[in-house]
Amino acid sequence: MRRPVPALAVPTLAVVLTATLLGCSGPGGDEGRAAPVGTVVDLSTSSVAGRLVTVQTPDGRIDFTVSAPLDDLPAHDETYDRPADDASFVGVAWTWDFTGGFAAMRAPQGERVEPHVWLVADGREYSLDEATLVRNDEDAVADAEDTPFEFSGSAYVAVEGEPDDLAVKVDFDGLEQVVEVGDVTVVHEGPAADLYGPPDSLARSEVRCGPPRSTPSAAAAGNDLSHCLLQVARVPWAPGHGWVTSQDDRWLVLETSLWPDGVAEIAGRDGCSGSTETTDFRYRLGDAEPVEARPADPADGSAPLGRDHVVFDSSADDGEVLTVTAVQRFEAADAACPDIRVTWSIEV
């Protein structure tokens, strides 16, 4: 004689079958933890074993380590532990040497450029921005406004198949650089090529302007205490102006230190009395005016009267004549005082 089947057995079996068919998992199960292609798993505390790729930007060098395709993650992640079917993980670690940037190309605080990064696997691009860019949340670094790129970190990207060709692509202010993993004969072309040259090729050089010409003549009054000092660099990229259009072009970037001191005294010889009202500084490179001339942030409170940041659209060749003129205007008590002009001409 058969025993009757309990009424609860059939629904229980249905629930088990449904859960299995839907791919759900219970505690300790593996189902449902496969990372779809394109998923970026941020494992900032995990190291990556692989090959080194270096990309130089105006704001510093970024060193990447790129792994070979992997079947699983090397460290625990709360969401994923393996790639989807017909996919694999590629690990990417990076360190940003922001101290290795170029002083003449450094953007003002709060205006630094966000570099965008992709892993390229067999021609398909996978954005790493969600891992590499600083996030405006409680985990972001304190000065996130001035550091758009995480100093270091690592992530694993779920890529299609097991790619043979891997590369890193970096976009900095509209210019893209693609470096193949394992390419030991990288040839850099275009405006960014100079970033890979000798470090001093883009460094500032100090130029002393020499004695100025004054109108009226300060020498006649025996009172020419003016001085002019320039920091000069020719660079392929400038903040706010972007990249030059060809490898033969350069931005001529100047940091000026001007002090037309003492020439104001000659105003007294012309029957004028009073003090300096304004001083204007003017710059010309040959016949060209600068594309930018603004006061530079002084390093301390004792900065010279004329400390400016000046940018010209120029070429890679030196030998051009820079003219710097300080125009002083006076507030007259008894008579009309002439403007005092102090001019330096320098070959840069």
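Derivation of every value follows stated rules applied to the coordinates shown; laboratory data play no part. From a predicted model like this one, the values you see are computed outputs, not experimental measurements. When we count neighbours, we look across all protein chains shown, and the Cβ atoms used for this are built from the backbone with ideal geometry, even at glycine.
Before moving on, here are some points about what is shown:
- Least to most buried among Tyr156, Tyr196, Tyr283 (fewest other Cβ within 10 Å first): Tyr196, Tyr283, Tyr156
- The stretch between Thr279 and Leu305, if pulled fully straight at 0.36 nm per residue, gains 8.5 nm over its current Cα-Cα span.
- Asp97 versus Ala34: modelled label distance in nm, points set 7 Å from Cα along the beta carbon direction: 4.2 nm
- Exposure proxy order (Cβ contacts within 10 Å, fewest to most) of Phe151, Phe312: Phe151, Phe312
- Cβ-based net charge around Ala288, under 12 Å, with every Lys or Arg adding one and every Asp or Glu removing one: -3
- Computed FRET value (nearest 0.05) for Asp200 with Glu176, which takes r as the C-beta separation and R₀ as 22 Å: 0.25
- For the stretch 36-185, the orientation-averaged shadow of the C-alpha convex hull comes to 9.3 nm² (one quarter of the hull surface).
- Taking other residues whose beta carbon is less than 15 angstrom from the beta carbon of Val187, and scoring Lys, Arg as +1 and Asp, Glu as -1, yields -4.
- Chain lengthening between Thr185 and Thr45 when straightened (0.36 nm per residue, less Cα-Cα): 47.2 nm
- Residues within the reach of a label modelled at Asp86 (point 7 angstrom out along Cα to beta-carbon, backbone nitrogen below 17 Å), restricted to the stretch 153-172, are 158-164.
- Separation in nanometres of the label points that stand 7 Å from Cα toward Cβ, at Val207 and Glu320: 1.0 nm
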